[in-house]
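Here the structure is laid out as structure tokens; the discussion comes afterwards.
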Amino acid sequence: MQYKPVIIAIVVLSALAFVSGYISQINRHSYDIYRHIKVSNCKIAVSSCKVDLGEGSSIQVNILPRGIPETEMLRISVDTQDTQIEALSVIFEGIEIDTITPEYSLYQYSDTRFIGNGSLAICSLDKMHWIAHFIVKKGGKNWKVSLPFEKDLTKFLPPPLGN
């Protein structure tokens, strides 16, 4: 086995590359969060949601199509009466499979409206919990607004055939 040191070196370097890539993805989504708002009284998959940010500011979040399908491009819009919001983005986090989508930047359409597109990662579970994390930048500070939702594919499956 004259190539054993070479094979070990390749395995070690591959592992290091994988770990450093994973760490860079984790750090890519880290922010200095001024305030984290965890919303529990909203069903973002079936309707729009209004969230009070405090300090006289709120956002109205809307994700279409309803049901937030995994196989379609999502149209995301955020409306606010606050013209001081500088930037908005969203990250979708899957709970059971521990997955995070890329950060989707929303583009400022008007002084009080941000729009953009995004998508969920295709998941093989029949039922999965997700969190839509909206990052709101205002006055140089970052608010994180987390909206949980559930994807239940069993609701869309045909009934089983009889025996």
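The values are calculated or read from the model by the stated rules, or taken from the named source; none is laboratory data. All values reported here derive from a predicted model rather than from experimental measurement. Because the Cβ atoms are built from the backbone with ideal geometry, glycine has one as well, and the counts that use them run over all protein chains shown. These accessible areas exclude ligands, DNA and RNA; they are computed on the full protein's heavy atoms, side chains included. Shrake-Rupley method; radii C 1.70, N 1.55, O 1.52, S 1.80 Å.
Could you count how many residues in the stretch 54-110 are part of a strand (DSSP E or B) and open to solvent by 20 Å² or more (accessible area, probe 1.4 Å)? Final tally of qualifying residues: 16.
Candidates I37, I44: the one that is assigned to a loop (DSSP other than H, G, I, E, B), under 18 Å from F149 (Cβ atoms) and in contact (Cβ under 8 Å) with a residue 24 or more places away in the chain is I44.
Being of a type outside the set (S, T, N, Q), modelled with pLDDT of 85 or more and surrounded by fewer than 16 Cβ atoms within 10 Å (Cβ to Cβ) is the filter here, so list the residues in the stretch 117-136 that pass it. Passing the criteria: only H129.
Do we find a residue being at pLDDT below 90, over 15 Å from I135 (Cβ atoms), open to solvent by 80 Å² or more (accessible area, probe 1.4 Å) and of a type in the set (A, V, I, L, M, F, W, C) anywhere in the stretch 26-40? Yes: the stretch 26-40 contains one or more residues that are at pLDDT below 90, over 15 Å from I135 (Cβ atoms), open to solvent by 80 Å² or more (accessible area, probe 1.4 Å) and of a type in the set (A, V, I, L, M, F, W, C).
For (1) at pLDDT below 85; (2) more than 23 Å from S47 (Cβ to Cβ); (3) among the polar types (S, T, N, Q), each residue gets a yes or a no:
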| residue | (1), (2), (3) |
| --- | --- |
| S89 | no, no, yes |
| S110 | no, no, yes |
| E150 | no, no, no |
| L161 | yes, yes, no |
